[in-house]
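K.L.:
Got a structure here, written out as structure tokens. Questions coming.
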Amino acid sequence: MAQREHIGGSSSQGKASGQSKYGGGAFYNPTSRLSPLAPEPADFNYDHNAPVDIPVDKAALLKKKEKELQAKEAELRRREQEVKRKEEAATRSGIVLEEKNWPPFFPIIHHDIASEIPIHLQRLQYVAFTTLLGLFACLLWNIVAVTAAWIKGAGVQIWFLSVIYFIAGVPLAYVLWYRPLYRL
């Protein structure tokens, strides 16, 4: 026999059956015959029945690993000797490996006038280096000036030319006249 209860009402049957006068909802039913779930251990998906691989013969395992490490060590020694042999051959043949050190914030080229250029040519090299930096500054200023002229109403073609001169001019100046002068 199903009983109906008025939700907003104060029926004596609702109080007798254990329901609140507000209805309670699906989770509030103190007279429910369902038993709570049993707690489960938090095993983090660990399979307790999984086999554990424990080596029985530790001595044999250690000897095997020792042989592997000795083989790796021998290979590393062989490689090290090969690298030393190549470095010595490069040194004998006059190949100089240059470390890039200029500009200091983003090294692009190797540049050390004081230690690599003979004393009687250092002044000339410093003047050439200053000229290269002046060219860089001049072409950069050219971009700024042409940008201002473009804003005032000049054509965009001249701005593109100034950018092309800057992008191509500085590296070409370095490659075509500064680097050959530096390596004399």
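The values are calculated or read from the model by the stated rules, or taken from the named source; none is laboratory data. Every value quoted in this text rests on a predicted model; they were computed, and no experiment measured them. For neighbour counting, all protein chains shown are included, and Cβ atoms are generated from backbone atoms with ideal geometry for every residue, glycine included. Areas reflect the complete protein model, heavy atoms only, side chains present, ligands, DNA and RNA absent. Shrake-Rupley method; radii C 1.70, N 1.55, O 1.52, S 1.80 Å.
K.L.:
Accessible area per residue of region 136-184 at 1.4 Å probe, in Å²?
P.N.:
Here the residues of region 136-184 average 71 Å² of exposed surface.
K.L.:
Given a cut-off of under 8 Å on Cα pairs at least six residues apart, what relative contact order in percent is computed for region 122-184?
P.N.:
46 percent
K.L.:
Right, here's the next one. If you average the sequence gap of Cα pairs under 8 Å that are 6 or more apart and divide by the length of region 55-184, what percent do you get for the contact order?
P.N.:
15 percent
K.L.:
Do any chymotrypsin sites (Phe, Trp or Tyr not before Pro) in region 103-184 lie in a loop, going by DSSP, with at most 14 other beta-carbon atoms within 10 Å of their beta carbon, and if so which?
P.N.:
F105
K.L.:
Give me the net charge for the shell around N101: Cβ to Cβ below 14 angstrom, other residues only, Lys and Arg +1, Asp and Glu -1.
P.N.:
After counting each charged neighbour, the total is -3.
K.L.:
Counting Lys and Arg as +1 and Asp and Glu as -1, what is the net charge of the other residues whose Cβ lies under 14 Å from the Cβ of H110?
P.N.:
-1
K.L.:
Just by accessible area at a 1.4 angstrom probe, what is the order of L69, L139, L121 from largest to smallest?
P.N.:
Heavy-atom accessible area, descending, gives L69, L121, L139.
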